[in-house]
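Working notes, structure below.
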């Protein structure tokens, strides 16, 4: 999920940024220090607002100026069991990578669908019995089942598409229509029975 996080920190503004307006210089320094950082809060994406900049402090031997700054950042934090939508960014023999927000998650081949799945050289996964096909750029709905955020490049997100209501969006729609079909047929059948009963009653009245 995405969230806005308020942070208070001493921001080091190096000499090469001191010619800019103070707010612009501080914002540039924040971007350099925080964007792409991964912490317990999640993945730091972008500075959305600089709220307050305190007086500058000079440290002997350091040409930079430090400003105690309160600012707001947009972060992305994956949550266990969260249902997320994304698109297929890559398909391999061992599974498919799904782009969710700013990072990729992996759906292992065993978690793609309730079917035996085969991989083709064209980069396509196909279900043996269902004949369902998954390829690049397909939009899917998945659930997060494992998280490891050591760094942005080393982020590992485990996903599944095997639970009800998950998978390629076209598969979900097809399953929904199949589930609704028996109810619709039962409703139609009930209507026909009621009409026959009405006809019988009319005949008795006429007699």
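Read the figures in this text as sums done on the coordinates, not as results from a lab. Computed from a predicted structure; not experimentally measured. A quick note on method: Cβ atoms are made from the backbone with ideal geometry, for glycine too, and the neighbour counts reach across all protein chains shown.
Helix 169-206 sits at what angle to the longest principal axis of the chain, using alpha carbons and giving 0 to 90 degrees rounded to 10? It is inclined by approximately 30 degrees. How high is the FRET efficiency between residue 170 and residue 94 when r is their beta carbon distance and R₀ equals 22 Å, given to the nearest 0.05? Here the calculated transfer efficiency is 0.40. Pairs of Cα atoms in the range 83-171 fall into 10 Å distance bins, from 0 up to the last occupied one, in shares of 19, 56, 23, 3 percent. Once C-alpha pairs closer than 8 Å and six or more residues apart are averaged by separation and normalised to the residue number of the range 54-97, the relative contact order reads 21 percent. At an R0 of 30 angstrom, the distance between the Cβ atoms of residue 163 and residue 31 translates into a FRET efficiency of 0.20. Sorted largest first, the principal axis extents computed over the alpha-carbon atoms of the range 2-76 equal 38, 21, 18 Å. Result for the chain in a Gaussian network model with C-alpha springs under 10 Å: among 125, 80, 22, the largest mean-square fluctuation is at 22. Looking only at 138, 24, 62, which one moves most when the chain is put into a Gaussian network model with springs between Cα atoms under 10 Å? Between 138, 24, 62, it is 62 that shows the largest mean-square fluctuation. Note on the range 140-169 and the range 60-129: Cα centroid distance 7 Å, given to the nearest whole angstrom. When the Gaussian network model of the chain links Cα atoms closer than 10 Å, the mean-square fluctuations of 145, 58, 100 top out at 58.
Its Cα gyration tensor gives the chain an equivalent ellipsoid; the semi-axes, largest first and in whole Å, are 58, 25, 12. Cα axis of helix 22-34 to longest principal axis of the chain: angle in degrees, 0 to 90, nearest 10? Taking Cα atoms only, the helix is inclined about 60 degrees.
Residues of the range 132-163 falling in the label zone of residue 87, defined by backbone nitrogen less than 11 Å from a point 7 Å along Cα to beta-carbon, are 136-140.
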